[in-house]
Amino acid sequence: MPSITPVRGDITQQDVDAVVDAANNGMRGGGGVDGAIHRAGGRAVLDDCIQRFPGGLATGDAGWTTAGQLPARWVIHTVGPDLRAGEHDPGLLEACYRRSLEVADELGARAVAFPLVSAGAYGWPLREAALTAAYTVAITRTDVTDVRLVAFDDDAWESMRFAVMCLT
Ligand code: ADP
């Protein structure tokens, strides 16, 4: 099991091998984490998305691109379920973490930073999103050694810390 550390901050600043993007099915950029990653990573991220994901990406799946100008080497894009659009299957949210770790293994990434997938515009309750993140990472077989769960604000930070505490 990798070490799982809650971190308070901006995912685009994380000094890791790969940062995970809470993307959307279209894979052409959006708001929240996705917008921040595309802004900070630069045009190379979008160009790679267009080239690698001409038909977009399915909910629960993950795939990688360059990280452009980010400190990380890769962006692993995953598409969380949109609760506001009626996608309330927690299995899809678990799949985001599992698939992202599989992609990280394909890349040989050892340190990976995740945001709270689906907990923003997609409306997943923070605590449930954080618990899903923590336990799915904990039970997934992976060569990743260092997982950071990045919280952007106070509420996310509380939820992340609670979720990681529940693992022990
Ligand atoms: P989704 O559409 O999957 O809900 P969002 O990007 O809207 O994704 O939000 C996911 C979570 O990421 C939210 O908790 C949001 O506050 C947080 N977030 C937004 N920007 C950043 C950032 N730059 N770094 C880390 N987390 C962020």
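No lab work stands behind these numbers, since they all come straight from the coordinates. Since the structure is predicted, the reported quantities are computational estimates derived from the model, not experimental observations. Ideal geometry is used to build each Cβ from the backbone, glycine not excepted, and the neighbour counts take in all protein chains shown.
Assuming charge only on the beta carbon of Lys and Arg (+1) and of Asp and Glu (-1), the dipole of region 85-168 about its Cα centre is about 200 debye to the nearest 20. Charging the Cβ of each Asp and Glu at -1 and of each Lys and Arg at +1, and nothing else, the dipole of the chain about its Cα centre rounds to 160 debye.
Over region 1-135, the Kirkwood radius and the radius of gyration, each from Cα atoms, give a ratio Rg/Rh of 0.92.
Of the peptides 19-26, 122-129, how do they stack up when ordered by the mean number of other Cβ atoms within 10 Å, highest first?
By packing density, highest mean first, the sequence is 19-26, 122-129.
Based on Cα contacts under 8 Å between residues 6+ apart, the chain shows a relative contact order of 32 percent. Using the Karplus relation 6.51 cos²θ - 1.76 cosθ + 1.60 with θ = phi - 60°, the per-residue 3J(HN,Hα) values for region 135-152 come to 6, 5, 4, 5, 9, 8, 6, 7, 8, 5, 9, 9, 10, 10, 9, 8, 9, 8 Hz, with x marking Gly and Pro.
Please list the equivalent ellipsoid semi-axes of region 1-79, computed as the square roots of five times the alpha-carbon gyration tensor eigenvalues, in descending order and whole angstrom.
On the way: eigenvalues 77, 41, 25 Å².
After scaling each eigenvalue by five and taking roots: 20, 14, 11 Å.
In order along region 105-115, phi translates into HN-Hα couplings of 5, 4, 7, x, 6, 10, 10, 9, 10, 10, x Hz, rounded to whole numbers, per the Karplus curve 6.51 cos²θ - 1.76 cosθ + 1.60 with θ = phi - 60° and x for Gly and Pro.
Each of PRO2, LEU46, GLY35 was scored by the projection of its Cα onto the charge dipole of the chain, and the greatest displacement toward the positive side belongs to LEU46; charges sit on the C-beta of Lys, Arg, Asp and Glu.
Mean residue ellipticity at 222 nm, helices only, the chain: -12500 deg cm²/dmol; runs of at least 4 DSSP H residues each add -39,500 (n - 2.57), and the sum is divided by the number of residues.
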